[in-house]
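Below: one structure, written as structure tokens.
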Amino acid sequence: FNVSIALDQIHYSYPNSSKTILKNIKLEIPVRSKVGIVGTTGCGKTTMVDIILGLLEPHKGELKVDNKIIDNLNRRSWQSNIGYVPQNIFLADDTIAANIAFGVSKKEIDQKNIERVAKIACLHEFVTNDLPEKYNTTIGERGVRLSGGQRQRIGIARALYKKPKVLILDEATSSLDNITEEAIINSLNFIDKDLTVIFIAHRLTTLRNCDTIFLLEDGNLVG
């Protein structure tokens, strides 16, 4: 991924539905840019991101990365570039460190990288000051011992752990207070000049540092 992500005349309808969720979407996201996607609930924001993620295939049109069409042959390769933070984070009944380095064996966890991404996600201070075993503290099933904002910050740290080229935040800061959200967004601006960030958000304050904001309305790109 060196040039751009492009949606080229994308149409999408969910199975057994007559409603077209996305209608002729055409846009381009340059590498190293920060873009926002806004619109009311049900306008197609998450569907559009699912197409960028390669989780859904458009019925018409194409997803292109560096002008190459993403298909069954290269989809996994494209997905390996992406860090994704959903609104609801899955957490295992394991330690903070294991949840950040999710899918990595405990012997191979990179503690320096854990602390690096935890600082970006405004999590490090809480872990080191408030938790008895710090990064080795077990968080309980589904993170029951943590607040919603703390769980969300683990999700952001997890997405950054594998050093992705693209970071997608799907309403990922909506459960955070404004001060924490601003701190995370500011830190994202400085961590990696090569990182491309896509925000889906309702709060316009989340998007004020974006290079471009795309407005969706009833499946159409209107601005």
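Remark on the chain: ratio of C-alpha radius of gyration to 2.2 N^0.38 Å is 1.04. Among beta bridges from DSSP that stay inside the chain, the antiparallel ones total about 50%. Could you compute how fast segment 21-73 diffuses translationally, taking Rh as the Kirkwood radius over C-alpha pairs and applying Stokes-Einstein at 10 °C with viscosity 1.306 mPa s? Give it in µm² per second. Rounded, D is 129 µm²/s. Solvent exposure of Glu28, expressed as accessible area, is near 110 Å², computed with a probe of 1.4 Å over the protein chains only. Solvent-accessible area of the chain (1.4 angstrom probe, protein heavy atoms only): carbon and sulfur portion equals 48 percent.
In the context of the full set of protein chains, residues of the chain present 52 Å² of accessible surface per residue (probe radius 1.4 Å, heavy atoms only). By the helix-only formula, in which each DSSP H run with n ≥ 4 contributes -39500 (n - 2.57) and the sum is divided by residues, the chain has a 222 nm mean residue ellipticity of -8000 deg cm²/dmol.
The values are calculated or read from the model by the stated rules, or taken from the named source; none is laboratory data. Predicted, not measured: the structure shown is a model, and the values here were computed from it. Ligands, DNA and RNA are excluded from the accessible area calculation, which covers all protein heavy atoms including side chains. Shrake-Rupley method; radii C 1.70, N 1.55, O 1.52, S 1.80 Å.
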